[in-house]
Every structure is written in C-alpha cells, then in structure tokens.
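Student: Here it is: the structure, laid out below.
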Amino acid sequence: MVQSSIIDLCKQNNRKAQLQLYNQYCDGMYCVAKRFVNHTAEAEDIVQESFIKAFSKLQQFKGDVTFGAWLKRIVINKSIDYLKLKKQRLVELEDVHLKVIDNSNNNNWIVEDATSLDDIKKAINMLPDKYKFVVMLFLIEGYDHEEISEILNITQVASRTQLSRGRVKLQELLKHKNYG
C-alpha cells in the first residue's frame, strides 16, 4: 500500500492502517528517543506518547516532509520535554550573552583514533542539557541550525553558539578520558 494512502486511512481513524504505520516506524523512533533519554522504559513511553500525538494531530500533516521526518520531530520534542520535566529546569542562555563563534575550527569534530563510539556517547550524555540537545540534534539527528532553533525554541545564533561550546566541552571530556 502506498504511504499516502496509509496516511489517508489513518486520518479516517482506520486502526489497521494505524497499526501498519506504527509497525513501520516504531523501531526507528524508539532509537531516536533512546538516544535522548538513554533508558528503555522511558524511550518506549515517549514513542507511545509520540504516536498518540501524531495520530491525534494527523490532520495537520500536510505532506511537505515525509511522515517519518514529521514523526521524528514529534519524538525529539517529546524526548526533550521529558528531560526538561525530569530535570525541572533547563538553563536558558540569553541572546545578550551569546557571541557568534565563526572560525575555521568551528567544524573540527575530530577525535583520537582510540576513542570509541561508546566513549563519545557517554561524553555527550555528560554535557549540560543546553549543549547536549544541540549537539545531538546536529551530529546525530542531522538537523541544521534553522531546524534546531525551531525545535528548541532558541535563535539560530544560540544554536550555533551552544553547538560550538558543546563541541569544546565534548573535546575536553574526551581529552580527559584519553589522558587520565
């Protein structure tokens, strides 16, 4: 069955079509949620809540992006909302305190050869939330600064700055790991 016709059936509350769409995307969305919350049960809850929201808001899906991209954004927002609630606060940087960091080293994401992917994931999870979210959305999820600013409700300047600072902090964490 063609993707658009499945979505049309889902808009009509066809449970079979909803189950088919769920089965098609649940594993991928679980991986996205797990990268943020890093706990199986919490990631499963986020995926369930995301699908409930997606099916209830399906009339708003216009097809200008793929359904998977639309759903992924819901999962990311639910994951971030969950983490915000869990921490009860997320330190926001004010634009006044931000500076645009724009130099040739800004895209230097090189790590030591001995650094494993697991080491990088652990280091990302150790970052403060304001950096962790931007780093994950940029590096792992592949969003650009315009998209990150929309998802996190920050300016593009804040996104660039937090990414740059997150990169520096991440390199510090990985350097300490490698040198003692």
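The values are calculated or read from the model by the stated rules, or taken from the named source; none is laboratory data. Because the structure is predicted, anything quoted here is derived from the model rather than measured. Cβ coordinates were reconstructed from backbone atoms using ideal geometry, including for glycine residues, and neighbour counts include every protein chain displayed. Please note that ligands, DNA and RNA were not included when accessible areas were found on the heavy atoms of the full protein model with its side chains. Shrake-Rupley method; radii C 1.70, N 1.55, O 1.52, S 1.80 Å.
Student: Within the bounds of region 100-118, is there any residue that is in a loop (DSSP other than H, G, I, E, B), open to solvent by less than 100 Å² (accessible area, probe 1.4 Å), at pLDDT below 80 and closer than 30 Å to SER50 by Cα?
Tutor: no
Student: So for region 163-175 (the condition being farther than 16 Å from ASN77 by Cβ, more than 14 Å from the chain's Cα centre (by Cα), hydroxyl-bearing (Ser, Thr, Tyr) and open to solvent by 30 Å² or more (accessible area, probe 1.4 Å)), does at least one residue qualify?
Tutor: no
Student: Oh, and also: Considering only residues that are without any contact (Cβ under 8 Å) to a residue 40 or more places away in the chain, open to solvent by 60 Å² or more (accessible area, probe 1.4 Å) and assigned to a helix (DSSP H, G or I), which ones fall in region 35-83?
Tutor: Result: THR40, GLU44, ASP45, GLN48, GLU49, ILE52, LYS53, SER56, GLN60, ASP81.
Student: Quick test of your reading of the structure: TYR30 fulfils all but one of (1) within 13 Å of the chain's Cα centre (by Cα); (2) not in a helix (DSSP H, G or I). Name the failing condition by number.
Tutor: (2)
Student: Check TYR131, TYR143 and return the single one that is open to solvent by 20 Å² or more (accessible area, probe 1.4 Å), hydroxyl-bearing (Ser, Thr, Tyr) and assigned to a loop (DSSP other than H, G, I, E, B). Full working, then the answer.
Tutor: Values: TYR131 fails: assigned to a loop (DSSP other than H, G, I, E, B).
Exactly one of TYR131, TYR143 is open to solvent by 20 Å² or more (accessible area, probe 1.4 Å), hydroxyl-bearing (Ser, Thr, Tyr) and assigned to a loop (DSSP other than H, G, I, E, B), namely TYR143.
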